[in-house]
Amino acid sequence: MSSISGIGGGAGSLQQIMAMRQQILERSQLLQQIHTPDAGAAQAVAPQGPAGGFTDALKSALDNVSATQAKAADLSAGFEQGTVTDVASVMLARQEAGIAFEATLQVRNRLLSAYQDIMRMGV
């Protein structure tokens, strides 16, 4: 009787192993597509890949910070020239630009720290 239950348990284990094997094969294929040296295939996969998504997100965030700073500079210049009379909007824009810059600086610091940790792993 124990040999029969062992065979049944083996069949269940075999199904689990086959399922895990299939997952590994699928992930392997995705990794191969991401790291393909062929430029055409790399362009087709890059927007879906984690690196393309991260790069695009970082660029978008930096563009937003730049736009916020430009808006604050324009409002400050307008206030100095007398064309903008709302001091609250000028101060709010300057505070937004300052907070956006500080947040960008913190992200840069975290990325630099993560890079340094990764570089230390190799040693």
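Just so it is clear, none of the values below were taken in a lab; they were calculated from the coordinates. Quick caveat, the model's predicted, so the values are computed rather than measured. Cβ sites come from the backbone with ideal geometry, for glycine too, and all protein chains shown count toward neighbours.
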> To the nearest 20 debye, what charge dipole does segment 51-123 have about its Cα centre, counting +1 at the Cβ of each Lys and Arg and -1 at the Cβ of each Asp and Glu?
Replying inline: 320 debye
>> Give me the extension gain from residue 121 to residue 33: residue separation times 0.36 nm, minus the current Cα-Cα distance, reported in nm with one decimal.
In response: 29.0 nm
>> Just to check I understand the Karplus step: with θ = phi - 60° and J = 6.51 cos²θ - 1.76 cosθ + 1.60, what whole-Hz values come out for segment 65-73, glycine and proline as x?
In response: 5, 4, 5, 5, 5, 5, 4, 5, 5
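Which length gain, in nm to one decimal place, applies between residue 64 and residue 101 when the Cα-Cα distance is subtracted from 0.36 nm times their residue separation? It would help to have the intermediate numbers written out before the result.
Numbers: separation 37, 0.36 × 37 = 13.32 nm, distance 1.03 nm.
Here the answer is 12.3 nm.
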>> If I stretch the segment between residue 84 and residue 113 completely, what's the gain in nm (0.36 nm per residue apart, minus their alpha carbon distance), one decimal?
In response: 6.3 nm
> Which cross-chain or sequence-distant (5 or more) residues have an amide H under 5 Å from the amide H of residue 84, H modelled 1.01 Å from N in plane?
Replying inline: 79
